[in-house]
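Just so you know, all these numbers are worked out from the coordinates, no wet-lab data involved. In this text the structure is predicted, and so the values were computed from the model without any measurement. Note that we place each Cβ from the backbone using ideal geometry, even for glycine, and neighbour counts take in every protein chain shown.
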Amino acid sequence: MPPCTSVKCGRWAQDEWVCCAHCGDPLPGRRPFDENLCDHEFVLEGRYCVLCGFDPEVGSKVERRGLLLVGSLICFLGLFLAGSGAAYLASGAPTEPGATYRGGRTASYIVVLGLVVFAFGVGKVLKALRVSDSPSLARPASRARAARPGNNPHMDLRQALTGQFRAGLAMLRECVELCPDGLWAATVDKPPRTFWRIAYHAAFYTHFYLGQNEGVFAPWDKHVRHAPMTFADEGQELPPADTLYTQADVVAYIDGLSDRMADTIAALDLDSPESGFPWYPEFAKFDHVLLTLRHLGVHVGQLQELLFARGIEPDWVSRR
């Protein structure tokens, strides 16, 4: 269990950490299993963060045991000092009338010092033994994030967006996988609205609108211009009735979007006052991202209802 290599930290780092939970610096030679682990909110179960094993108040489990040991030693030292002083006071009392009692004041000081040291040690022990579920400890409050300069103020927000978009895509994927053969190409109310078009429409516009603007969009290599059409305006020609994609095709497209979601969200300027799409002229970027998440959820619900009507019940996914 080597210490953190930062000259400003140097505290003990647990074996499973990839970043020091005390200062946030990466630990050399450890490959991150979570791209945000170095800068995450604590997720506490009891005392310790389930992501890094760190206690925001006490430190690592090793430090807690060390604190308990040190506190115990301090208590013993305090008791020893207080006991020695008291014994000296008792043994040094004058036995003859008129004799001078020397050292009484010093012994008294030793007793007081011993009691102070003992109280200090007790505080350390209690801190190490404390099992707290107080609101102050339960708050997401990463020392690593607060201590590091230049942190992205949207880090926690980006994690939440990534998790919710991935969850929405996972539910969309399940709808595609569970779709019966006879429903995939069937018109669900009026042309051109088929199950496969609704599914592709939901995936495509999630992909399209999660770019900073329309100019950065790179379509899927199997994309066909009319594939996302789910309605035609008055006088507009309907797209061909051919089924362009299999369920496996759409699942592969959704999986690719989900795999890249963290990078996609990380690349967005969420502070931009513009959506990046001129047909949404009064939307800030963050507002438009939330609109895109709502759009995905609406179409997932639409597909789920079609499955429910046929006795098929997709699962709910809270976060991915």
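Filter the GluC sites (Glu not before Pro) in the stretch 199-261 down to the DSSP loop ones having no more than 13 other Cβ atoms within 10 Å, then list what survives.
For GluC sites (Glu not before Pro) across the stretch 199-261 that sit outside H, G, I, E and B with at most 13 neighbouring Cβ atoms in 10 Å, the list reads 234, 237.
Sparse packing (at most 13 other Cβ atoms within 10 Å of the Cβ) combined with a DSSP loop state is found for the following GluC sites (Glu not before Pro) in the stretch 261-317: 282. Think of the stretch 251-313 as a dipole: +1 on every Lys or Arg Cβ, -1 on every Asp or Glu Cβ, centred on the Cα centre; then among 257, 302, 276, 302 lies furthest on the positive end.
Qualifying chymotrypsin sites (Phe, Trp or Tyr not before Pro) in the stretch 242-309, where qualification requires a DSSP coil assignment and no more than 14 other C-beta atoms within 10 Å, comprise 279.
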